[in-house]
1. Computed on alpha carbon atoms, what radius of gyration and Dmax characterise the stretch 149-286, expressed in Å?
2. Would you mind checking which residues have amide H under 5 Å from Gln331's amide H? H placed 1.01 Å from N; only 5 or more apart, or other chain.
3. As an exercise, use a Förster radius of 35 Å and the Cβ-Cβ distance of Asp235 and Ala147 to find the FRET efficiency, rounded to the nearest 0.05.
4. Carbon and sulfur: what percent of the stretch 124-218's accessible surface (1.4 Å probe)?
5. On the principal axes of its Cα set, how long, how wide and how thick is the stretch 232-349? Give whole Å, largest value first.
6. Check Arg154: other-chain or 5+ apart residues with amide H under 5 Å from its amide H, H built from backbone geometry?
7. Name the residue, out of Val19, Val290, Val335, whose mean-square fluctuation peaks in a Gaussian network model built on the chain with Cα pairs under 10 Å.
8. Could you give the angle, 0 to 90 degrees to the nearest 10, between helix 173-186's Cα long axis and the longest principal axis of the Cα atoms of the chain?
Amino acid sequence: MRKHTAGLRLVDVAEHAGVSIATASRALSGAAGVSEALAERVRAVATELGYVANVHARSLASGASPAVGLVVHEIGDPYFAEIASGVLEVAGAHGRMVQICHTGRDPHAEVAQLRALAGAGVGIIVVAGSGHLDRDVQAQLKAQVQAFEATGGRVAVIGRHPQLGVDAVVPANVAGGRAIADHLLQLGHRRIAVAAGSRRLATMADRLAGVEQALGDHGLRLADLPVVEAAFTLDGGKDAARQILDAHPDVTAILALNDDMAVGVLSVLGERGVSVPDDVSVTGFDDVTVAGHLSPALTTVRLPMKDMGRQALELALLPRAARARRRTAEQRLMVRASTAPARGVRPPA
């Protein structure tokens, strides 16, 4: 039997197996009404021909609403939990289930999760979280996205994902980085340390670019500040804080580039008896729900995370456009009790 590799349809499998299209469909989907012997014969023919079912077309033909796949970096991170709540809200309104996958911030796991979701028959995939600046990773991700969309699937992303060319909701990370750094500089802080995640993340590159812009406005350079890269988590914030305090005990402010890290920073400062904000001011980024309820309440940049999740799925529910759509999620500086003027600096009028 000649093996076909392109343009193969279910009707081809049915013809080669000597059954109706309906029987071939039931045999390949595992539906009732087909004997195991006949189902096995149809599956063997499909394998021999190299047939791969278009699960999206099959779902549409049956009248079912394909599920939504949501890929997040850390399901325990409040940032992603709030995004997920927005995705779930829109999915529920459209009668769709959501399958959530967790990558553990491993870019290769992210590619594998996309492949698994495509194989599981979801009709839409939303990728939440920063893109990676590694070209090889981006190429792998792009290939997987293109393969999924070629079968009728839709993809939308949250964050800056270079090269993907799909609909995106992009947080104002540069503007937010500039706003939070400018806040500290306006308070007279000059001995500022930065607790950052990996610079290979587009989110981190953008937030640091904003910080650098604010520093430049004050005649300073990012290269002159201690920037400690650690895991983009609470424990990573703890690690960064310990390194900063050990190597730079004279800092008057620690700028953490997400709230999870900021919580870790506050924990270490508390352990070491460092008063916040009297001795050291601390800032975060994202404004997760708990940020305003910490002691002291955290000065941070607010991103509309739940709305970002909503917008991403709403974009993916639209037909694919000739050019990828882009929505910007605006930032807002939230000044709270964790920041104060640097020691010896008069409070701003």
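The values are calculated or read from the model by the stated rules, or taken from the named source; none is laboratory data. All values reported here derive from a predicted model rather than from experimental measurement. All Cβ positions, glycine included, derive from the backbone under ideal geometry; neighbour counts span all protein chains shown. Surface accessibility is based on the protein's heavy atoms, side chains included, excluding ligands, DNA and RNA. Shrake-Rupley method; radii C 1.70, N 1.55, O 1.52, S 1.80 Å.
1. 16.4, 58
2. HN-HN under 5 Å from Gln331: Ala172.
3. Computed FRET efficiency for Asp235 and Ala147: 0.45.
4. Carbon and sulfur together cover 47 percent of it.
5. Principal axes ranked by extent give 56, 36, 25 Å for the Cα atoms.
6. Ile124, Ile125
7. Between Val19, Val290, Val335, it is Val19 that shows the largest mean-square fluctuation.
8. For helix 173-186, the angle is close to 10 degrees.
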